[in-house]
Amino acid sequence: MTSHSVAQLAQPMLRKLWEETTETVALFVPDGVYRLCVAEMESPQPLSFRRGVGYREKLVLGASGRSILSQMQLPAEELSRYLADPNQDVARLLSELETIRAQGFAMSHHELIEGAVAVAAPFFNGADQVAGSVCIFGPSVRVTDQRVAQFAELVRHEAGNLSRALGQKPRQVQVTAGSRK
């Protein structure tokens, strides 16, 4: 599926996030060691941030990129080619990616734009491979810790809806003998 058709398919999910948050929402797809913005709905509020369709940034930078990178589960030696800074601590990055994978979303504060906070969740294709991320971002004066928690829930939910629309099957929960209570 092309990034254009993914962007079209994601429109209802992006619109719902945009209506519920009144912040900028965007859809990113992986592009080598980068991510590419393929859809964006800008916040109607006077103080807002936007990146624009066509914006590219390294996967390792920002919430939308790291949410994608967290699902790629790369070994440390391969992850090193994704680094923005060759002196970056790979062990620390691996730990952060594991946390993102466990919680189902990534967050960044003042990382790519001073004063901006972003919350992003990965979405998957029918082969259960990461296909991109859905992101909400806005100014830190509005995107408080309480709103980050709300945005995380919203973005995970809509990323799940997009994953199902792309053909991802529900994940099976493994129950082992003796684990039932």
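Structure notes:
- Residue identified as on the phi < 0 side of the Ramachandran plot, under 11 Å from the mean Cα position of the chain (by Cα) and free of Cβ contacts under 8 Å to residues at least 40 places away in the same chain among 69, 94: 69
- Check on residue 62, surrounded by 13 or more Cβ atoms within 10 Å (Cβ to Cβ) and in contact with a Ser or Thr (Cβ under 6 Å, 6 or more places away or on another chain): yes
- Scan of the stretch 107-140 for residues that are among the polar types (S, T, N, Q) and either in a strand (DSSP E or B) or closer than 18 Å to residue 10 by Cβ (or both), ordered by number: 108, 125, 129, 133
- Matching residues in the stretch 122-174 - criterion: being out of contact with any Pro (no Cβ under 9 Å at 6 or more places or on another chain), of a type in the set (Ser, Thr, Tyr) and touching a residue at least 12 places away in the same chain (Cβ under 8 Å): 140
Residue-by-condition table, conditions (1) under 28 Å from residue 7 (Cβ atoms); (2) of a type in the set (A, V, I, L, M); (3) surrounded by fewer than 17 Cβ atoms within 10 Å (Cβ to Cβ):
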residue: 73; (1), (2), (3): yes, no, yes
residue: 77; (1), (2), (3): no, no, yes
residue: 86; (1), (2), (3): no, no, yes
residue: 100; (1), (2), (3): yes, yes, no
residue: 103; (1), (2), (3): yes, no, yes
residue: 113; (1), (2), (3): yes, yes, yes
residue: 118; (1), (2), (3): yes, yes, no
residue: 124; (1), (2), (3): yes, no, no
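- Matching residues, the stretch 69-114, being closer than 30 Å to residue 47 by Cβ, β-branched (Val, Ile, Thr) and at pLDDT below 90: 113
The values are calculated or read from the model by the stated rules, or taken from the named source; none is laboratory data. Please read these numbers as outputs of a predicted model, since none were measured by experiment. Heads up, the Cβs are rebuilt from the backbone with ideal geometry, glycines too, and the neighbour counts pull from every protein chain shown.
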